[in-house]
1. Consider SER18 carefully, then state whether it is of a type in the set (Gly, Ala, Ser), in a helix (DSSP H, G or I) and at pLDDT 95 or above.
Amino acid sequence: MYIGIIGVILGFIAIGLSIYFYKQQQTNNSLVEGDVEHIHNALLALQKEFTHYQVETSRIISQLEDKVDIQGKNQIINLNKLKKDLPFIIGKVVGQIEFAQDTIKRKK
(Lines give C-alpha, C1' and ligand atoms only; values in the text may rest on other atoms or scores of the structure.)
Protein backbone atom coordinates (compact mmCIF):
# COMPACT_ATOMS: atom_id res chain seq x y z
CA MET A 1 0.00 0.00 0.00
CA TYR A 2 2.85 2.41 0.81
CA ILE A 3 4.37 1.56 -2.51
CA GLY A 4 1.12 2.49 -4.27
CA ILE A 5 0.95 5.83 -2.44
CA ILE A 6 4.61 6.54 -3.23
CA GLY A 7 3.91 5.62 -6.86
CA VAL A 8 0.95 8.00 -7.04
CA ILE A 9 2.95 10.81 -5.40
CA LEU A 10 5.85 10.24 -7.79
CA GLY A 11 3.36 10.23 -10.67
CA PHE A 12 1.95 13.58 -9.57
CA ILE A 13 5.45 14.97 -9.17
CA ALA A 14 6.35 13.73 -12.67
CA ILE A 15 3.19 15.27 -14.14
CA GLY A 16 3.84 18.55 -12.28
CA LEU A 17 7.43 18.67 -13.48
CA SER A 18 6.32 17.91 -17.05
CA ILE A 19 3.83 20.79 -16.95
CA TYR A 20 6.44 23.12 -15.39
CA PHE A 21 9.08 22.25 -18.01
CA TYR A 22 6.49 22.57 -20.81
CA LYS A 23 5.66 26.11 -19.65
CA GLN A 24 9.36 26.96 -19.37
CA GLN A 25 9.88 25.64 -22.90
CA GLN A 26 6.98 27.77 -24.17
CA THR A 27 8.52 30.85 -22.53
CA ASN A 28 11.93 30.10 -24.02
CA ASN A 29 10.38 29.50 -27.46
CA SER A 30 8.58 32.85 -27.36
CA LEU A 31 11.82 34.62 -26.36
CA VAL A 32 13.74 32.90 -29.14
CA GLU A 33 11.00 33.75 -31.65
CA GLY A 34 11.24 37.41 -30.62
CA ASP A 35 15.03 37.34 -31.07
CA VAL A 36 14.69 35.64 -34.45
CA GLU A 37 12.17 38.30 -35.53
CA HIS A 38 14.55 41.09 -34.48
CA ILE A 39 17.45 39.41 -36.29
CA HIS A 40 15.29 38.98 -39.40
CA ASN A 41 14.34 42.67 -39.37
CA ALA A 42 17.97 43.69 -38.84
CA LEU A 43 19.11 41.53 -41.76
CA LEU A 44 16.42 42.99 -44.01
CA ALA A 45 17.55 46.51 -43.06
CA LEU A 46 21.17 45.54 -43.72
CA GLN A 47 20.19 44.10 -47.09
CA LYS A 48 18.37 47.33 -48.00
CA GLU A 49 21.37 49.40 -46.90
CA PHE A 50 23.79 47.23 -48.89
CA THR A 51 21.59 47.36 -52.00
CA HIS A 52 21.41 51.15 -51.69
CA TYR A 53 25.22 51.26 -51.30
CA GLN A 54 25.67 49.11 -54.41
CA VAL A 55 23.34 51.33 -56.45
CA GLU A 56 25.10 54.51 -55.28
CA THR A 57 28.54 53.02 -55.95
CA SER A 58 27.46 51.88 -59.40
CA ARG A 59 26.11 55.36 -60.19
CA ILE A 60 29.32 57.05 -59.02
CA ILE A 61 31.47 54.62 -61.02
CA SER A 62 29.45 55.27 -64.18
CA GLN A 63 29.81 59.04 -63.65
CA LEU A 64 33.56 58.68 -63.21
CA GLU A 65 33.80 56.52 -66.34
CA ASP A 66 31.92 59.19 -68.28
CA LYS A 67 34.29 61.88 -66.99
CA VAL A 68 37.31 59.78 -67.96
CA ASP A 69 35.89 59.21 -71.44
CA ILE A 70 35.24 62.93 -71.92
CA GLN A 71 38.71 63.87 -70.67
CA GLY A 72 40.27 61.22 -72.93
CA LYS A 73 38.40 62.59 -75.93
CA ASN A 74 39.47 66.13 -75.03
CA GLN A 75 43.10 64.99 -74.81
CA ILE A 76 42.85 63.35 -78.24
CA ILE A 77 41.34 66.54 -79.70
CA ASN A 78 44.12 68.65 -78.14
CA LEU A 79 46.77 66.24 -79.44
CA ASN A 80 45.35 66.35 -82.96
CA LYS A 81 45.20 70.14 -82.82
CA LEU A 82 48.82 70.23 -81.66
CA LYS A 83 49.86 67.88 -84.48
CA LYS A 84 48.13 70.15 -86.97
CA ASP A 85 49.73 73.32 -85.54
CA LEU A 86 53.16 71.79 -84.97
CA PRO A 87 54.69 72.72 -88.37
CA PHE A 88 53.60 76.35 -87.89
CA ILE A 89 55.07 76.44 -84.37
CA ILE A 90 58.34 74.88 -85.56
CA GLY A 91 58.54 77.41 -88.40
CA LYS A 92 57.96 80.25 -85.99
CA VAL A 93 60.70 79.05 -83.62
CA VAL A 94 63.16 78.45 -86.47
CA GLY A 95 62.34 81.92 -87.86
CA GLN A 96 63.07 83.50 -84.49
CA ILE A 97 66.37 81.62 -84.26
CA GLU A 98 67.35 82.75 -87.76
CA PHE A 99 66.35 86.32 -86.95
CA ALA A 100 68.48 86.15 -83.81
CA GLN A 101 71.42 84.84 -85.86
CA ASP A 102 71.10 87.77 -88.24
CA THR A 103 71.03 90.17 -85.29
CA ILE A 104 74.12 88.54 -83.77
CA LYS A 105 76.03 88.73 -87.08
CA ARG A 106 75.19 92.43 -87.48
CA LYS A 107 76.50 93.27 -83.99
CA LYS A 108 79.92 91.76 -84.73
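1. Working: of a type in the set (Gly, Ala, Ser): yes; in a helix (DSSP H, G or I): yes; at pLDDT 95 or above: yes.
Judged against the criteria, SER18 is a match.
Yes/no matrix, rows are residues, columns are (1) of a type in the set (A, V, I, L, M, F, W, C); (2) at pLDDT below 95:
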site: ILE5; (1), (2): yes, yes
site: TYR22; (1), (2): no, no
site: GLY34; (1), (2): no, yes
site: ASN41; (1), (2): no, no
site: GLN47; (1), (2): no, no
site: ILE61; (1), (2): yes, no
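The values are calculated or read from the model by the stated rules, or taken from the named source; none is laboratory data. All values reported here derive from a predicted model rather than from experimental measurement.
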